[in-house]
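Structure first, commentary second.
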């Protein structure tokens, strides 16, 4: 077993295709433009078992329009100065769940992020992912909001400057 994070262009075409296939199999990420968004990521974290890709995550470079939408919906300031990256597209193949592989790929992303602030979103009912993120210093911020794709509530979690933050005193300001 091996977990590694590196820039999208540094992975083979086959690994990038496998990454995208795993993300799509989760059914929660819009497929339109996904390949381009993957290519724009800061890094992709991949975990292999027996040379098979079984868990993925990305350290994403969120677009300004996406930040603004999350800010408006959650009521929490996600300025690039405070939160340069987003940890996202965390997915573990169904036959490997319960093995704590999400920890490995999230940790690989956070190593790539350094000490800067990072945010993530997840379903409000995804307690396993929230536990994983909280393990690495993330705390809930803002208010839960409706997903545009599926009939669930989403929550925002942030890790400020490599440490947890209470989320108190932030306002939604676009910068």
For the chain, modelled as a GNM with alpha-carbon contacts under 10 angstrom, which of 103, 51, 131 fluctuates the most? 51
What does the C-alpha gyration tensor say about the overall shape of region 19-77? Classify as rounded when a/c is under 1.5, otherwise prolate if a/b is larger than b/c, or oblate. prolate
Would you report the distance distribution of C-alpha pairs in region 68-169 as whole percents per 5 angstrom bin, up to the bin with the largest distance? 2, 13, 24, 25, 20, 11, 4, 1, 0
Using just the helices of the chain, give the 222 nm mean residue ellipticity in deg cm²/dmol: DSSP H runs with n ≥ 4 each add -39,500 (n - 2.57), and the total is spread over all residues, rounded to 500. -9000 deg cm²/dmol
What per residue convex hull volume, in Å³, comes out for the chain when only alpha-carbon positions are used? 107 Å³
Pairs of Cα atoms under 8 Å, at least six residues apart: use those to get the relative contact order of the chain, whole percent. 22 percent
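Any read-out appearing in this document is the output of simple, stated calculations on the displayed coordinates, not a laboratory observation. Computed from a prediction, not measured in an experiment: that's the story for all the values here.
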